[in-house]
Each structure stands twice: as C-alpha cells, then as structure tokens.
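One structure is given below, encoded as structure tokens.
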Amino acid sequence: MDETLERYSRQIRFPGIGKDGQKRLLDSHVTLCGCGALGTVLANVLVRAGVGHLRVVDRDFIEISNLQRQVLFDEQDVAENLPKAEAAARKLEAINSSVHVEPVVTDIDRTNILDLVHDADLILDGTDNFEIRYLINDVAVKLNKPWVYGGCIGSHGQTMTILPGETPCLRCVFEAAPAPGESGTCETAGVLSPIVNIIASFQATEALKILAGKRDRINRELIYLDVWDNVQRRIKIAPLKGRVDCPCCGRHKFEWLDGDHGSHTTSLCGRNSVQVAHRTASRLNFEDLAQHLRQLGEVSYNRFLLKFVADGHDFTVFPDGRAIIKGTDDVDKARTLYAKYIGN
C-alpha cells in the first residue's frame, strides 16, 4: 500500500470507505463552524480520518469549564489564554501533519460566512446557537452545499443531515429559532460529555459518508437521544420536503443571510457596555429566564427588565430580547456572553 495511505489502512479496509473513498477524503475541504464541545470531537475525528483541508472557525477563548467536554484542550491552553481555533489547530497538526488545518478566529456572521464556506465540500455545525445554524442553512442552500446539524444540552441532543434539493432544510424542520431564554444554555442547564461525543460521532460519520461519495448511505431522519433518560428516537422528516412553505429551500428567501433576522451589537460609547439586540424582536418570559439563571446568583426582574451578574459583568435584559452587558466594550465578547447566559 502507498505509504501515504498506510496511515489509514484500517479505515480503508472498511468496505464503505475503501481506497477510492480514502482518496476522496484526502482531496476534500471542510469548514467547521464552532470548535467547542461538538466541534473538538468533529475536528479530532476528521483529522485522524485524513480529511485534506479543515477550516476551523471559532470566536471564543478557552476557559477551565470547557475542559469537561471539549476534548482537544488542556490546562496549558487555559493558562496561555488561547483562542479555541488556534489551540485546536496546534493539537490537530500534532495528530496528523499531512492535513491542512486552517484556524480562523472570528465571529461567524452574515458578512463573512460566504467567504468561510465558498470552497468547502461540506459544512459542519459545531456551534452552540441557532442564529449561526440558520446562517449556515441559508448559505448551504444558496450554494448547494451539504451540511450536518448537531446540538446538545443537558443529557439530550439531536442531529440531522441536510442535502439541499434532496432533503428538508433546517427551516423546514425548525421554522423559527427558540426565543432567547426559552431553551436554556450549557451554562444554565449544564451538559454531559457523553451526549456530546455521541452526537458529534453521528455527525462525523455522516461527514465521512458524504466526503467518500456514499450519499446513498446518508441518514435522512432527525436523530434524538437522551442518555440520562434512555430515550432514542428517529423522526421521519423526509415528508416535509416540498410540503411545508419553507422560505429558505422552498422560496429561496435567505432571511438570515440577508440580515432580516439575527442579532446586532452596538458598543455604548463611554459606558464600557455593549448592547446586543435582535433584528426581529421577541418577547422573553422573565420568569423562565430567571429560573435558568438563579443557580448563578441573584436575579431580579420586573415587567420592564431583568438583571443579573455573571463572569464579572452586569446584564440588563429587556422583554424584546435586547440586553446591555456592562464591563466590556468588545462586541464579540458581548455576543459570546449573551449566547452563554441568555441563549440564541
């Protein structure tokens, strides 16, 4: 066997991959959006499998609480205050130096997502919020690129594969994103590492099928798992294709990519604060949000606003989903804090 392929000999012996499939993997280009819990597992699997070019995009830095589930990072990364994308690239290059790992430390938004995915054969979701997922969905349908969705919270997670033109897209299945504060976050609800590894492994397997040219083997259902309550479901979503009035894959209206939906940030001059707002207002349920946040400390609210303190920052949240985060003038950090404590 060719010395280049010897590394992947056990994978090549699997009939679903074979030598031709491995060569396809070596020639492939993947953009991974997010390198947290799901993203680190995905990146680890794909680099070991021999994906030729992996672009790792993440806006965040590593914290000690990440180490419980984000498998590429260690205490030294925390001590060095490294961005996740950069730390992941260092680890991945040590694992397989023949793979081109491209770290990109940036916040994915509608202004840059086309550039980040234009040359990719596949887009993978390693994010923690629906805003970016809807952006991925828009750009994937617009450019006719496959992508694999995955999400985890607490002990449960779900995943589905989207093949534009063949399967329902994300908006066919989830017409609208959960309102901020509606579904909890890893910070407020916690997350078990086993569900992360399971969901990411499903995603990675789908990626190998797509990149190896085995589209007939692709999963076309929504997979849902709860490892604590021992629940496993496979939800048939194929009938939704063409039967729902999907604005994205049905009418080709890319509302997230065009900026009709989503959040925007404003640095409040002289106040060391950033306002994070949504282009389309949503009504928050302060009682539910306060319940999620009380484990972090004192939460106070009335019908006009909700206040709490976390990570040394004062949060003031308004009923329309808008929040003012005091203690930073860094808009990327503010978006990260908003996603971490309030939600999408």
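Sort through THR328, THR316, THR336 and tell me the only one that's modelled with pLDDT of 85 or more and within 21 Å of the chain's Cα centre (by Cα). So that I can check it myself, show each step before the final result.
Details: THR328 fails: within 21 Å of the chain's Cα centre (by Cα); THR316 fails: within 21 Å of the chain's Cα centre (by Cα).
Exactly one of THR328, THR316, THR336 is modelled with pLDDT of 85 or more and within 21 Å of the chain's Cα centre (by Cα), namely THR336.
Across region 226-243, which residue is least open to solvent (accessible area, probe 1.4 Å) among those that are in a loop (DSSP other than H, G, I, E, B) and modelled with pLDDT of 95 or more?
From region 226-243, those in a loop (DSSP other than H, G, I, E, B) are 227-230, 237, 241-243; that's our starting set.
Now narrow it down to the ones that are modelled with pLDDT of 95 or more: 227-230, 237.
Numbers: VAL227: 50, TRP228: 184, ASP229: 100, ASN230: 132, ILE237: 7 Å².
Checking each candidate, the answer is ILE237.
Just checking, does region 193-212 include any residue being in contact with an Asp or Glu (Cβ under 7 Å, 6 or more places away or on another chain), of a type outside the set (A, V, I, L, M) and under 20 Å from GLY343 (Cα atoms)?
Restricting attention to region 193-212, the residues satisfying the condition of being in contact with an Asp or Glu (Cβ under 7 Å, 6 or more places away or on another chain) are 211.
Okay, now just the ones that are also of a type outside the set (A, V, I, L, M), so none.
So far as region 193-212 goes, no, none of its residues is in contact with an Asp or Glu (Cβ under 7 Å, 6 or more places away or on another chain), of a type outside the set (A, V, I, L, M) and under 20 Å from GLY343 (Cα atoms).
Within region 122-170, which residues are in contact with a Pro (Cβ under 8 Å, 6 or more places away or on another chain) and under 19 Å from LYS209 (Cβ atoms)?
Result: LEU122, ILE123, ALA140, ASN144, LYS145, PRO146, THR161, ILE162, LEU163, PRO164.
Of the residues GLN76, GLN22, which is open to solvent by less than 60 Å² (accessible area, probe 1.4 Å) and in a helix (DSSP H, G or I)?
Numbers: GLN76 fails: open to solvent by less than 60 Å² (accessible area, probe 1.4 Å).
GLN22 is the lone residue from the list that is open to solvent by less than 60 Å² (accessible area, probe 1.4 Å) and in a helix (DSSP H, G or I).
If VAL148 satisfies every condition in (1) more than 30 Å from LEU67 (Cβ to Cβ); (2) in contact with a Ser or Thr (Cβ under 6 Å, 6 or more places away or on another chain) but one, which is the exception?
VAL148 satisfies every listed condition except (1).
For SER65, state whether it is of a type in the set (Gly, Ala, Ser), surrounded by fewer than 21 Cβ atoms within 10 Å (Cβ to Cβ) and closer than 18 Å to VAL191 by Cβ. I'd like the intermediate steps shown before the answer.
Working: of a type in the set (Gly, Ala, Ser): yes; surrounded by fewer than 21 Cβ atoms within 10 Å (Cβ to Cβ): yes; closer than 18 Å to VAL191 by Cβ: yes.
Here the answer is yes, as SER65 does meet what is asked.
The values are calculated or read from the model by the stated rules, or taken from the named source; none is laboratory data. What you see is a predicted model; the values in this text were computed from it and never measured. Positions of Cβ are backbone-derived with ideal geometry, glycine not excepted, and every protein chain shown enters the neighbour counts. These accessible areas exclude ligands, DNA and RNA; they are computed on the full protein's heavy atoms, side chains included. Shrake-Rupley method; radii C 1.70, N 1.55, O 1.52, S 1.80 Å.
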